[in-house]
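Structure record follows, encoded as structure tokens.
Read-outs: derived from the displayed coordinates by stated rules, not from any lab. In this text, all values refer to a predicted model and were calculated from it rather than measured experimentally. Glycine also receives a Cβ, built like all others from the backbone with ideal geometry; neighbour counts cover every protein chain displayed.
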Amino acid sequence: MIIAIDGPAGAGKSTVSKIIARKLGFLYIDTGAMYRALTLKAISEKINLQDTDQIIEMARHTEINLINTKDGQLKVFLDGKDVTLKIRQPEITKLVSAVAKIKEVREMMLKLQRKLGRSEDSVLDGRDIGTVVFPDAEKKFYLDAEFSERARRRYKELKDLGQDVTLKDIEEDLHNRDTLDSTREVAPLKKADDAIYIDTTNMTIKEVVNKILDSL
Ligand code: DC
């Protein structure tokens with residue numbers, strides 16, 4: 001079974017998806033982490049992010065692995081190295097949309113996402129899971145929340161990770177990513193027609209999780 005959870009940044013997708021996967025004993029696949037890992041590699045190798053050909057070439061020679069740990073966490077490996085924390089740095093967050101918009105890069109990630117998702121029952125979170133990656137997913141959800149609430153959540157999440165960020169930085173970043181992710185040509189952020197829409201603005205994590213579990 002495939003459960004697709006899409007929506008904009010800060011809507012609560014990853015927190016909720018992780019809990020749902022753990023409760024059901026499903027694999028959790030964070031597709032945003034894949035684009036983040038590629039962005040980290042491009043920056044580390046000093047690749048100009050406007051140089052699409054070079055990014056595509058780099059992606060062809062990159063190995064990304066997602067490992068679900070026993071305690072319900074997700075570890076992200078880039079060419080064998082654990083980059084779980086590094087990919088959450090603000091610099092990556094700011095630049096990831098430039099990498100995620102490249103058609104050939106998306107095709108490579110799509111293959112990986114389908115391979116992982118077909119290997120066992122899975123919860124995938126992203127932007128295009130219900131529309132492009134698994135249009136036949138048994139269950140689709142689109143999580144959303146008001147902009148100010150999404151910014152507040154992201155701010156808290158990063159502060160808890162010990163990052164030195166301001167709410168203004170977060171708002172700017174969210175605004176840019178919302179625009180880039182929903183207006184790009186390939187697989188833009190979009191609710192699938194058959195996805196259940198959940199506005200999480202005034203809901204607790206537990207309420208969102210229960211609503212999803214009740215709809216299965
Ligand atoms: O969910 P996230 O913030 O970790 O995602 C990082 C970026 O990756 C996001 O700004 C858009 C892109 N992304 C995407 O294009 N398609 C996906 N399925 C998941 C993420």
Checklist entry - By average Cβ neighbour count within 10 Å, what is the ranking of 82-92, 68-78 from highest down? => result 82-92, 68-78
Next on the checklist: So for each of 111-121, 159-169 I average, over its residues, the number of other beta carbons within 10 Å; can you give me the resulting order with the highest mean first?
Outcome noted: 111-121, 159-169
Item to check | Computed over region 1-107, the ratio Rg/Rh where both radii use C-alpha atoms and Rh is Kirkwood | outcome: 0.97
Next on the checklist: If I model a spin label at Met1 and Lys115 as a point 7 Å from the Cα along the Cα→Cβ vector, what separation in nanometres do I get?
Outcome noted: 2.7 nm
Checklist entry - Is it possible to state the helix-based mean residue ellipticity at 222 nm for the chain, with each DSSP H run of 4+ residues giving -39500 (n - 2.57), the sum divided by total residues, to the nearest 500 deg cm²/dmol? What is it? => result -15500 deg cm²/dmol
Next on the checklist: What is the ratio of the Cα radius of gyration of region 157-216 to 2.2 N^0.38 Å, with N the residue count, to two decimals?
Outcome noted: 1.48
Checklist entry - Is there a pair in Lys168/Lys191; Lys70/Lys168; Lys115/Lys159; Lys41/Lys206; Lys70/Lys103 whose C-alpha atoms are over 32 Å apart, and which pairs would that be? => result Lys70/Lys168; Lys115/Lys159; Lys41/Lys206; Lys70/Lys103
Checklist entry - Roughly how many Å is it from the Cα centre of region 73-137 to that of region 10-71, as a whole number? => result 4 Å
Item to check | Added length on full extension, which subtracts the Cα-Cα distance from 0.36 nm per residue, Ser44 to Asp79 | outcome: 11.3 nm
Checklist entry - Kirkwood hydrodynamic radius (Cα pairs, Å) of the chain? => result 17.4 Å
